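These notes concern the structure reproduced below.
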Amino acid sequence: MLFKKGAVLYSYEVQRESGENVIYVNYLGAPDIPSIAKSPEVMTRAIDLFIESPNASRLVLVQQRNYSYNSEQVEMLVEIAQLYTFLLKQERVLSPEMLSSNPRELSSRYAFMNYFMTILRQNPFLAYRKIKNALIEEKSKSGHDILYIGLLEKIVSLLLKTKLILKIEKYAEDYAFESREIYEKLFSPNIIPNYAFARLASELPENAKIISQYAIGSGDDKSTVTILKKENELKYIYHLMPPEYFLNEDFQMLLNLARNVLIEHQPKAEEFTDTERTRQVFFNVARDLLRELAEEKHITFSYEELGKLAMILVRHTIGFGLLEVLLQDSNLQDIVLNAPISMNTIFVRHGKYDECSTNIILSQEDGESWAAKFRMISGRPLDEANPVLDTDLLIEGARARVSIVQRPLSPHGLAYAVRRHRDYPWTLPLFIENKMLNPFTAGLLSFLIDGSRTLLVAGTRSSGKTSLLGALMLEIKPKYRIILIEDTLEIPADYLRKMGYDILSMKVRSSLTETSNEVTAEEGIRTSLRLGDSSLIVGEIRSNEAKALYEAMRVGALANVVAGTVHGNSPYGVFDRIVNDLQVPITSFKATDLVLVANPVKSPDGLHSARRVVQLTEVRKHWTKDPLEEKGFVDLVNYNVEKDELEPSDELINGNSEVIKAIASGVKGWAGNWDAVYDNIILRGMVKQEQVELAHRLNRPELLEANFSLLANTLFHNISEEVTKELGFPDSKIVFPKWKKDVEKLAQDFS
């Protein structure tokens, strides 16, 4: 909330937000930053408000930043306010009959109790100490007044029942008698710039150990992330401090003023079709506006500071606020906002620290603003008739899949799940580096993709299916065309296109959306069959498109790679999903050549998990009803949980893979020569492993990324072709040394 110009200093409003009463107090124009911990006047004013509004559960002090005190902090002050009212009205602590019948004692006791009641609102703990000392002193007197002692004892007893006094007693010995520093342990507000709505706890949580700290973002837009752990909690704490929370008061004022101007000129729905251009236009407008306002207010800043302020302003007007800051962190995999979003912290899934709570609570205003923007960006409905929306978020430096639910499906209102996509495609060498698979399996997958097989990548949620699919696409030679079909844009097609891939990306209707102007995934797949000779990649098989995909598999058999992802934790789980759930005929399922399964593997303590490829299985064609009972599934590699390693099966080692034999049968020098085929699989694995070791030797992690992987793969294919022309097959003893020498030179020239 932002008070209107001319609002009376210290005036307040009570607003109902997400089931709680929030008191907003106007501190615009106050000489100092309002702080309950530091200022007796601010504490007194807050307690007086809670005397009038005892049902409030949050307090916001509005200045250039909003200082928001949460329900736990408010509850401590409400108790003091209620105690103050009780003592004044019920106990009548200032009445003569309660104090003394002796005029001399009455005067001194009245003065003391009047002082006590005053400081009770300014400094409750000091008031507690004063009344406790008065009780001790009164008891030490001869001929003491039992009625007065009873009153003092009751007041001490009531104070000891309040949460504020109980909590503060733990720290009392460490602080001076009248010091207010002790309140900083209890009253640390969430800080919210007026142009933003998310509440952010700036102080690091008490009794938490710092595990790690790092910066995210770039240039002037850097944020600090601190990972903490409390002794008795399983979740880590992800503490974010973005640059907008460190701006001085002048800059905060400029952003507040500029936001009020820009908010009246929000882009229309059609402008969101080109979000990058829209943001650039708004950035230029924001920069000019800030410059004009700065001149009017006689505020100076550098060119760099102007750019930083304009960027922050765009982020908190047409952008997605702190969500964009979180997406700058490449360690994050998921960002979750549970309903009601204004009463729950944001949760994140970290690549190293798993599930983490954060220091951020989104406001209802932000949540509703996001929903409106996602409706415009996607062109899809989100209302009571369509309570689910799946869409994409594409901003500079980050891509994400966004899932939104609202009433009636979510009875407490809007909720969000954001899956952050990696900025660049995953590669097989990167997966080796992260132990998701080993070099041998990487070599085997490279061989199978070159052999134009049909492949399903299966796994549970968050198992890395889509990342694996993207890495396998990099094993397709760039000279072949690729058609990519997705309902949410998870695979970085634009990046692959910039690398030189001939790729057509098609966006189809989500299976969760009943009405949309987009075509269905089924129609998209059927259309792809009319677009010429191409490899076909389907982001995820969810619904009726499964039948069309299997039609494509059968039509395109032995010509091009056909691959997709599907939910399932085993080959039979995939069969059950495809045949029984999605109604694909059993005979059509046989068009699947391979099922690659990835699943999270938990640590023995159950607190950590790691993504692993756990199985690569070929689907044979002789069975008629049940591939499991009729031995239609033959594993090529399996995960050994004790060794945390993938191992080739006996069937593969002994040359009993029908899929690999079928590939070899069409290649001169390999047909009937299992040793040569197996040698090529091992060779490819050696190449992938050497790429990892080269990155380590040169301390250049970028050599594991897509750009260099493409160059390394191209080099491998060219050398293999040269050796094949000489010997009739790509002998690893000749190919590998030559490739290793040339790839090292390639790495030296790569930038």
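The values are calculated or read from the model by the stated rules, or taken from the named source; none is laboratory data. Everything quoted here is computed from the prediction, not taken from an experiment. Positions of Cβ are generated from backbone atoms using ideal geometry, with glycine treated the same way; all protein chains shown enter the neighbour counts. These accessible areas exclude ligands, DNA and RNA; they are computed on the full protein's heavy atoms, side chains included. Shrake-Rupley method; radii C 1.70, N 1.55, O 1.52, S 1.80 Å.
Taking the options ILE210, ILE119, ILE136, name whichever one is over 30 Å from LEU254 (Cα atoms), open to solvent by 70 Å² or more (accessible area, probe 1.4 Å) and in a helix (DSSP H, G or I).
ILE136
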Just to be sure, is THR617 of a type outside the set (Lys, Arg) and either on the phi > 0 side of the Ramachandran plot or open to solvent by 50 Å² or more (accessible area, probe 1.4 Å) (or both)? no
Selected residue (only one of SER709, SER732, SER720 is free of Cβ contacts under 8 Å to residues at least 24 places away in the same chain and open to solvent by less than 50 Å² (accessible area, probe 1.4 Å)): SER720
Residue pairs, Cβ under 6 Å, 6 or more apart or interchain, first in region 281-295 and among the hydrophobic types (A, V, I, L, M, F, W, C), second not in a helix (DSSP H, G or I). List them. PHE282/ILE318
Any residue in region 619-640 that is of a type in the set (Gly, Ala, Ser) and over 40 Å from the mean Cα position of the chain (by Cα)? yes
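Take the conditions more than 25 Å from GLY470 (Cβ to Cβ) and open to solvent by 40 Å² or more (accessible area, probe 1.4 Å) and apply them to GLN689. Does it pass?
The answer is no for GLN689.
In region 185-206, which residues are farther than 20 Å from SER71 by Cβ and open to solvent by 30 Å² or more (accessible area, probe 1.4 Å)? Steps first, answer last, please.
Narrowing region 185-206 to residues farther than 20 Å from SER71 by Cβ: 193-196, 204.
LEU204, the sole residue that qualifies.
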Of all the residues that make up region 624-652, how many are more than 23 Å from GLY459 (Cβ to Cβ) and touching a residue at least 24 places away in the same chain (Cβ under 8 Å)? 2
Among helices (runs of 4 or more DSSP H) lying entirely in region 415-492, which contain 2 or more residues that are touching a helix residue (DSSP H, G or I) at 6+ places or on another chain (Cβ under 9 Å), of a type outside the set (A, V, I, L, M, F, W, C) and surrounded by fewer than 24 Cβ atoms within 10 Å (Cβ to Cβ)? 439-450
Counting only residues that are open to solvent by 10 Å² or more (accessible area, probe 1.4 Å) and touching a Pro at 6+ places or on another chain (Cβ under 8 Å), which one in region 222-240 is nearest to THR345 (Cα to Cα)? ILE237
Restricting attention to region 161-171, the residues that are without any contact (Cβ under 8 Å) to a residue 12 or more places away in the chain and surrounded by 12 or more Cβ atoms within 10 Å (Cβ to Cβ) number exactly 2
Evaluate the following for LEU703: is it within 19 Å of LEU474 (Cα to Cα) and either open to solvent by less than 40 Å² (accessible area, probe 1.4 Å) or modelled with pLDDT under 95 (or both)? yes
Tell me which residues, restricted to region 666-686, are among the small types (Gly, Ala, Ser), more than 15 Å from TRP739 (Cα to Cα) and at pLDDT 90 or above. ALA676
Some residue of region 315-336 being touching a Ser or Thr at 6+ places or on another chain (Cβ under 6 Å) and either more than 30 Å from LYS230 (Cα to Cα) or not aliphatic (A, V, I, L, M) (or both): no
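Can you pull out every residue in region 114-157 that is hydroxyl-bearing (Ser, Thr, Tyr) and either within 22 Å of ALA81 (Cα to Cα) or in contact with a helix residue (DSSP H, G or I) (Cβ under 6 Å, 6 or more places away or on another chain) (or both)? Don't jump to the end; show me each part of the working.
Here is the first cut: in region 114-157, the ones hydroxyl-bearing (Ser, Thr, Tyr) are 115, 118, 128, 140, 142, 148, 157.
Matches in region 114-157: TYR115, THR118, TYR128, SER157.
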